[in-house]
1. Below 8 Å, C-alpha to C-alpha, sequence gap of six or more: please give me the relative contact order for segment 133-228 in percent.
2. Which of the aspartates and glutamates could a cross-linker span from Lys273 if the Cα-Cα distance has to be under 18 Å and same-chain partners fewer than 8 positions apart are dropped?
3. Per 5 Å bin, what percent of the C-alpha pairs of segment 27-117 does each bin hold, from zero upward?
4. Tell me which residues come under 5 Å, amide H to amide H, from Asn38 once H is placed; ignore anything under 5 positions away on its chain.
5. Translational D (Stokes-Einstein, µm²/s) of segment 133-228 at 37 °C and 0.692 mPa s when Rh comes from the Kirkwood sum over C-alpha pairs?
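We did not get these values from a lab; they are worked out from the coordinates using the rules stated. Given the structure is predicted, the values throughout are model-derived calculations rather than measurements.
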Amino acid sequence: MKTLKKIIASLAIVLFSQTVFAQASFGAIKGKVTTTDNLPLFGGLVKITQSGNYVGGAQTDENGKYSYKPLSPGFYEVTVTSIESRTKMITNIQVNPEKTTYVDVIVATNTFTEVVIEAEPYRAPILDQTVYSMKSINSTDLIHLAAPRGDVNAAIVAIASDVQLGSDGALHVRGTRGDATAYIVDGVKSQNITAVSGLSIDNLTVITGGLPAQYGDVLGGVIVVTTKDYFSGIRQKHMRQTAMQEEYDRKQREKNAKAEEEKRRKEIEEELKLEEEAKAKKS
């Protein structure tokens, strides 16, 4: 009888040891799925495969987290799919026995292309640029000229090499007198452009040769200025504000990404600590 009890006890110990060994021989995969905007992906499908063969799957929770176990030691692939994001696969993931492998995935959100049509009033060309000797520049390029900002005369000299600024403050085209040059501001002939601020110019055109008959008997050149209307000013202001906002958003995304990375690192450390404590209690 005692012998039988010893045999049963021995078998129980062997079976228990095998069970413990079997349990200890498996690993797990855990992780978090976020978008490129640092937002957790909720309801994403996480597929675990090994050499392309389906092993199992999980779904991300409201925090973007998922987990799957048990997994035999080896190499696996993790594929994340969602309606809100593009499919992404992580390969060559090694799972070790009695260890949790953390696989965090960042997916790109799906973007639905929107066609935006912008309309603006038609502006008839002032001159046929293929016929006349002329230089033309818009407000955007004016900002980048090697000339004091807002100085119209300096801008004209910068874009037209055959125009010089005299000591009297007048512009001389091809060596002609200062009063031999015609100035057209918004379609109206003017004596000069001293009252025009460079910051208000939408387009600046300098004609130095082959002058058309519509400007009369001009001996020098013709300078045509089109000033900004209300809506062009609004557009430029909107473009500046948009550029500033985009730069601010970019810096915020980088800052948030670093903070999220540090937060995630601490979460993983805490989970690993809890796992080790749980193992210690079982042993």
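1. In percent, rounded to a whole number, it is 33.
2. Output for Lys273: Glu98, Glu262.
3. That works out to 3, 14, 26, 22, 15, 9, 4, 2, 2, 1, 1, 0, in percent per bin.
4. none
5. Taking Rh from Cα pairs, D becomes 249 µm²/s.
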